[in-house]
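Below is one structure, written out as structure tokens; the observations come after it.
The values are calculated or read from the model by the stated rules, or taken from the named source; none is laboratory data. Model, not experiment: these values are computed from the prediction. So basically every Cβ, Gly included, is an ideal-geometry build from the backbone, and we count neighbours across all protein chains shown.
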Amino acid sequence: MAAANKKNPKLAVYKFSSCDGCQLSLLDLEDELLDLLGAVNISYFLEARRHVEPGPYDIGLVEGSISTQDEAERIVEVRRECRHLITIGACATSGGIQALKNWADVEQFKRTVYAHPEFIETLDTASPIAAHVLVDFELRGCPVNKYQIVEVLTALIVGRRPQIPTYSVCVECKRAGYVCVLVSGGLPCLGPVTQAGCGALCPAYGRGCYSCFGPCDSANPRALCGHFEQHGTRRGDLVRMLRSFNGYLEPFKQTGDEYESSLNTKQDLGVRD
């Protein structure tokens, strides 16, 4: 690591319940990381270095959801020691994949997966960071877009508003000249209700969008799912489609819950006789 510049803002990177993918996205900046090291002092980042400088910190980046009581207490301390707190990735902004347990019997999961479930300490729900403390900015994605991290950090350093798109993935798709998998292929695609940021990665390979970046501004998943249903998609499949990376984030949660409450046949569930 380069020598610290006392005039540079102090950056801290924290991990909660997550896979580390968003922290790795930050390390994957390569050339941009060298410029970043010249603009901030990385004071706390256990994924990258063992040396820890004491807080308080000017900027805190948080990956991961709150899934244990220890994490619920620790995030309060993190908030206290950071002037600006930014959540990065689907886990931190919506609860992530681990929020799927919010619709399930956690005790049954523990008994099924672990030989000694009595040693497992977990909350009944996994929740985003903003459900526990005030967050200054949220960056979506599974994983987060590394260049959006640079944009937000740059904006904070120079004192301007971050330029992060809130329109749908379809805009990126059209700009890249990709054939629409929904219109041309009839595939269920969440692109029309998903925030841009991934570069329309899945449609580029002929697959429907899975909404890694969560709902875009003015998203109407209920209307989109109604279109899918008219074209033969089962309600059970719609529930599973909505409950993925950002299933616990509104309006996906509301729409998924509405469809689940209407499931009453094996055909809806996609179960064979």
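Details
- Only a single criterion out of (1) under 15 Å from the mean Cα position of the chain (by Cα); (2) among the aliphatic types (A, V, I, L, M); (3) outside any loop (DSSP other than H, G, I, E, B) is not satisfied by LEU249, namely (3).
- Hits in the stretch 224-261 - residues which are over 19 Å from ALA104 (Cβ atoms) and out of contact with any Ser or Thr (no Cβ under 8 Å at 6 or more places or on another chain): LEU224, GLY226, HIS227, PHE228, GLU229, GLN230, HIS231, GLY232, THR233, ARG234, GLU250, PRO251
- Criterion: under 19 Å from the mean Cα position of the chain (by Cα) and either closer than 18 Å to LEU85 by Cα or free of Cβ contacts under 8 Å to residues at least 60 places away in the same chain (or both) - qualifying residue of LEU61, LEU24, LEU37, LEU46: LEU61
- Where ARG161 falls short, out of the listed (1) surrounded by 14 or more Cβ atoms within 10 Å (Cβ to Cβ); (2) closer than 27 Å to GLU30 by Cα: (1)
- Meets criteria (of a type outside the set (Phe, Trp, Tyr), surrounded by 15 or more Cβ atoms within 10 Å (Cβ to Cβ), outside the structural domain of ARG140 (by TED's automatic domain parsing) and out of contact with any helix residue (DSSP H, G or I) (no Cβ under 8 Å at 6 or more places or on another chain)) for ASP237: yes
- Residue check, VAL106 assigned by TED's automatic domain parsing to the domain that holds SER43, more than 16 Å from CYS22 (Cβ to Cβ) and of a type in the set (Val, Ile, Thr): yes
- Evaluation of PHE245 against (1) at pLDDT 95 or above; (2) surrounded by 22 or more Cβ atoms within 10 Å (Cβ to Cβ) (one fails), failing number: (1)
- Just so you know, in the stretch 96-124 the residues that are touching a residue at least 40 places away in the same chain (Cβ under 8 Å) and not hydrophobic (A, V, I, L, M, F, W, C) include one that is nearest to LEU61 (Cα to Cα), and it is GLY96.
- Boolean, LEU37 is assigned by TED's automatic domain parsing to the domain that holds VAL150, buried (at least 24 other Cβ atoms within 10 Å of the Cβ), closer than 17 Å to VAL152 by Cβ and modelled with pLDDT under 95: no
- Filtered residues of the stretch 81-129 (kept if closer than 23 Å to GLU151 by Cα and of a type in the set (Ser, Thr, Tyr)): THR87, THR93, SER94
- Given (1) at pLDDT 95 or above; (2) within 21 Å of THR68 (Cβ to Cβ), index of the condition ILE120 fails: (1)
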